[in-house]
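Presented below is the structure to which this report refers.
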Amino acid sequence: MAKKQFKAESKRLLDLMINSIYTHKEIFLRELISNASDAIDKLYYRALTENNTGLNRDDFAILLEVNKDERTLTVSDNGAGMTKEELESNLGTIAKSGSLAFKKENETKEDIDIIGQFGVGFYSAFMVAQKVTVISRAFGGDQAWKWESEGADGYSISECEKSGTGTDIILHIKENTEDENYDEFLEEYRLRGLIKRYSDYIRYPIRMMVEKSRPKEKAEDAPEDAPTEYESYRELETLNSMVPIWKKNKSEISDEDYNSFYKEKFFDFADPAKVIHTSVEGVVTYNALLFIPSKAPFNYYTKDFEKGLQLYSSGVMIMDKCADLLPDHFSFVRGLVDSQDLSLNISREMLQHDRQLKAIASRLEKKIKGELLTMLNTEREKYEEFFKNFGLQLKYGLYDGYGRNKEMLEDLVLYYSSSEKKMVTLSEYVSRMKTEQKFIYYACGDSVERIDKLPQIELLKDKGYEVLYLTDDIDEFALQMMREYKEKEFKSAASGDLDLEETKEEKEKIEKKTEENKDLLTFMKESLGDKVSEVRLSQRLKTHPVCLTSGEGLSLEMEKVLNSMPVDQKIKAQKVLEINADHAILEALKEAYGADEKDRVKEYAELLYNQALLIEGFPVEDPVSFSNAICSLMTK
Ligand code: ADP
Ligand code: MG
């Protein structure tokens with residue numbers, strides 16, 4: 001049986017085309033400029049291969065012209081042009097792309113960078129124009145043709161005059177409506193902005209006649225102090241930069257070039273802390289120009305902040321913030337990626353498949369990590385400044401996804417060290433560990449000063465162990481997700497058992513003393529009720545009388561963090577009250593207990609517990625009775 005062709009309802013198709021593919025009307029200009037560039041590419045390619053065209057690269061240009069009285073915007077090119085047949089088939093058939101056919105025929109040739117492929121871009125003109133007139137003369141032919149259409153109703157083709165080769169696309173711009181402004185597409189500043197935004201890196205000059213003003217020359221007999229008069233004149237100006245900075249040779253680009261490009265493009269006042277410029281060829285081919293800002297934007301740690309890199313395909317801007325190109329932990333990076341390998345969707349506003357995108361993103365992630373590591377190793381001060389700005393984000397990254405970014409990030413985080421008195425990496429910590437040391441010790445608190453005074457870390461410091469001071473809420477959670485670094489587990493200085501080799505003897509001593517004071521300790525625990533899970537003699541305290549430590553599981557610091565969040569259920573860590581066995585306070589307790597003054601022991605237990613809370617940074621449960629208890633003690 002003979003196959004029948006589908007019949008497309010072309011009117012409806014065109015209507016769909018025009019009104020539902022694109023999210024922004026303004027991209028019509030990007031599409032027309034891209035077509036002009038493709039047309040020039042085709043002719044330029046012939047000039048290169050046939051050698052008898054008499055054409056040079058410098059002869060080619062795209063021209064924009066506005067006529068406000070006529071309400072027309074014209075995009076002209078002196079490229080390949082179209083014959084009558086080509087007008088019919090390329091502009092008369094939806095989804096027919098002469099450019100794609102050309103690209104396929106000339107696939108292996110270098111130096112052509114055809115943009116078109118879907119055969120729909122042209123029709124976007126009808127989003128802003130009520131009528132489109134195309135005047136075209138193909139290279140080598142003497143007859144010019146006029147194609148004209150008001151959209152869905154069809155088109156007409158007739159003979160016409162045109163002096164040179166190429167195409168003029170004349171848009172008869174729609175009248176403003178209540179909710180749409182079309183006048184803006186007749187404004188110089190608006191067109192200039194659109195060219196900068198979408199077509200800045202088109203390889204041929206895009207020119208427009210612009211209104212300018214200059215000082216008038218003074219008459220010879222004019223007095224010295226006569227005011228300068230100005231006159232306006234019109235001049236052809238090139239609106240696009242043509243060669244993107246990231247496609248230039250690195251040796252041709254100065255730091256100043258990078259810095260001013262960054263500041264202009266990404267609206268920053270300060271120079272970037274780091275520039276990453278990379279070109280990759282292979283499975284995916286792309287250029288990337290990335291910047292690490294020197295200061296976090298004011299909204300960086302809020303939900304208003306939007307991450308992403310600009311995405312270009314063959315020099316045409318496709319997306320302003322492509323989020324998939326950056327992992328959250330490197331969301332502070334700004335910049336752009338340019339690749340010819342992307343499969344774009346039909347509106348060329350998004351990507352079709354994310355396979356290439358994923359490949360690029362994962363390479364960029366590695367690249368960024370590498371650059372940060374280099375900065376850490378060779379420009380330490382700069383890195384520490386970077387870390388002040390964005391370290392928190394790296395720590396969130398460690399916590400996120402149950403530690404799946406551990407390998408990527410563990411060498412990039414810094415913590416304050418008790419022994420070095422400065423920020424150190426985990427790798428530096430591990431390299432200084434004692435031979436018999438099993439754990440990486442850390443302590444948590446609001447500030448370095450505060451942690452430094454914690455009784456819990458006295459013993460560790462005394463025995464010469466390095467302790468990392470964690471001052472961000474996320475810190476301990478992140479460490480828990482990491483679990484270990486180079487097979488060394490993390491251990492909180494406030495955890496029950498510090499497991500130190502050299503304190504074995506002391507441990508035995510304490511165990512003996514505990515046995516002797518068993519009844520006292522049990523009584524204290526009972527009088528404190530479920531405020532504590534245990535009262536015990538401490539192995540870690542040197543000069544301080546008391547401290548709180550945590551049992552297994554949730555730490556004291558985590559209790560604080562979790563309870564500061566807006567949740568109904570308050571969470572409690574297991575608290576152990578530790579008492580310094582060598583402190584006079586133990587003698588006082590023993591004395592009271594021995595004299596059978598149970599109320600006094602109870603009162604002391606309460607006081608010690610409250611003191612321990614204060615040291616740990618917890619609020620006292622009942623400040624009034626705490627204060628009264630102290631006063632009554634003072635007046636006894
Ligand atoms: P695409 O650019 O994706 O091919 P378009 O709808 O933008 O689709 O254009 C359709 C076809 O019309 C192009 O492939 C090209 O052959 C032809 N064309 C469009 N504009 C021009 C122009 N300025 N000069 C020559 N040919 C053009
Ligand atoms: Mg096109």
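With ILE27, ILE18 as the choices, which residue is within 21 Å of GLN130 (Cα to Cα), within 16 Å of ligand 1 (Cβ to nearest atom), within 35 Å of the chain's Cα centre (by Cα) and at pLDDT 85 or above?
Result: ILE27 is the single residue among ILE27, ILE18 that is within 21 Å of GLN130 (Cα to Cα), within 16 Å of ligand 1 (Cβ to nearest atom), within 35 Å of the chain's Cα centre (by Cα) and at pLDDT 85 or above.
Just name the residue that is nearest to ligand 1 (Cβ to nearest atom) out of those in the stretch 30-58 that are surrounded by fewer than 19 Cβ atoms within 10 Å (Cβ to Cβ) and under 20 Å from ASP200 (Cβ atoms).
ARG57
Taking the conditions exactly as written (part of a loop (DSSP other than H, G, I, E, B) and open to solvent by 20 Å² or more (accessible area, probe 1.4 Å)), does THR514 satisfy them or not?
So THR514 fails the test.
Check every one of the helices (runs of 4 or more DSSP H) wholly within the stretch 576-636 and list those with 3 or more residues that are of a type outside the set (S, T, N, Q) and crowded, with 17+ Cβ neighbours inside 10 Å.
584-594, 598-616
Exactly one of (1) open to solvent by 10 Å² or more (accessible area, probe 1.4 Å); (2) more than 27 Å from THR23 (Cβ to Cβ) is unmet by ASN287. Its number?
Every listed condition holds for ASN287 apart from (2).
Name, by its number, the condition in (1) touching a residue at least 40 places away in the same chain (Cβ under 8 Å); (2) surrounded by 14 or more Cβ atoms within 10 Å (Cβ to Cβ) that does not hold for GLU489.
(2) is the only condition that GLU489 fails.
Give ALA605, ALA629, ALA595 a once-over and let me know the one that is at pLDDT 90 or above and either outside the structural domain of LYS525 (by TED's automatic domain parsing) or in contact with a Leu (Cβ under 9 Å, 6 or more places away or on another chain) (or both).
On inspection, the qualifying residue turns out to be ALA605.
Listed here are the residues, each with its yes/no results for (1) of a type in the set (A, V, I, L, M, F, W, C); (2) away from ligand 1 (no atom under 12 Å from the Cβ); (3) within 28 Å of LEU43 (Cα to Cα).
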{"position": "LYS103", "(1), (2), (3)": "no, no, yes"}
{"position": "GLY141", "(1), (2), (3)": "no, yes, yes"}
{"position": "ASN181", "(1), (2), (3)": "no, yes, no"}
{"position": "GLU187", "(1), (2), (3)": "no, yes, no"}
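Residue check: is LEU357 at negative phi and either open to solvent by 40 Å² or more (accessible area, probe 1.4 Å) or in contact with an Asp or Glu (Cβ under 6 Å, 6 or more places away or on another chain) (or both)?
So LEU357 passes the test.
Considering only the stretch 576-635, how many residues are of a type in the set (Val, Ile, Thr) and on the phi > 0 side of the Ramachandran plot?
Of the residues in the stretch 576-635, 0 are of a type in the set (Val, Ile, Thr) and on the phi > 0 side of the Ramachandran plot.
Identify, by number, the condition in (1) within 16 Å of ligand 1 (Cβ to nearest atom); (2) under 30 Å from SER294 (Cβ atoms); (3) of a type in the set (Asp, Glu) that GLU256 doesn't meet.
(1)
Looking at the stretch 349-356, is at least one residue touching a residue at least 24 places away in the same chain (Cβ under 8 Å) and basic (Lys, Arg)?
No, there is no match, as no residue in the stretch 349-356 is touching a residue at least 24 places away in the same chain (Cβ under 8 Å) and basic (Lys, Arg).
Which of the residues belonging to the stretch 273-284 are surrounded by 15 or more Cβ atoms within 10 Å (Cβ to Cβ) and without any contact (Cβ under 8 Å) to a residue 40 or more places away in the chain?
Scanning the stretch 273-284 gives VAL275, HIS277.
Here is a list of conditions, (1) more than 13 Å from THR167 (Cα to Cα); (2) assigned to a helix (DSSP H, G or I); (3) within 16 Å of ligand 2 (Cβ to nearest atom); (4) at pLDDT 80 or above, and LYS96 meets all of them except one; can you say which number that is?
Among (1) more than 13 Å from THR167 (Cα to Cα); (2) assigned to a helix (DSSP H, G or I); (3) within 16 Å of ligand 2 (Cβ to nearest atom); (4) at pLDDT 80 or above, the lone unmet condition for LYS96 is (2).
Collect the residues in the stretch 73-90 that are of a type outside the set (D, E, K, R) and free of Cβ contacts under 8 Å to residues at least 60 places away in the same chain, keeping them in residue-number order.
SER89, ASN90
Checking ILE451 against (1) open to solvent by 10 Å² or more (accessible area, probe 1.4 Å); (2) over 32 Å from the mean Cα position of the chain (by Cα); (3) at pLDDT below 95, which test does it fail?
Among (1) open to solvent by 10 Å² or more (accessible area, probe 1.4 Å); (2) over 32 Å from the mean Cα position of the chain (by Cα); (3) at pLDDT below 95, the lone unmet condition for ILE451 is (1).
Looking at (1) closer than 20 Å to LEU460 by Cα; (2) assigned to a helix (DSSP H, G or I), which one does MET558 not meet, given that it meets all the others?
(1)
Restricting the search to the stretch 49-93, which residues are away from ligand 2 (no atom under 16 Å from the Cβ), within 42 Å of the chain's Cα centre (by Cα) and part of a helix (DSSP H, G or I)?
ARG57, ASP58, ASP59
The values are calculated or read from the model by the stated rules, or taken from the named source; none is laboratory data. Model, not experiment: these values are computed from the prediction. Positions of Cβ are backbone-derived with ideal geometry, glycine not excepted, and every protein chain shown enters the neighbour counts. We work out accessible area using only protein heavy atoms, side chains counted, and drop any ligands, DNA or RNA first. Shrake-Rupley method; radii C 1.70, N 1.55, O 1.52, S 1.80 Å.
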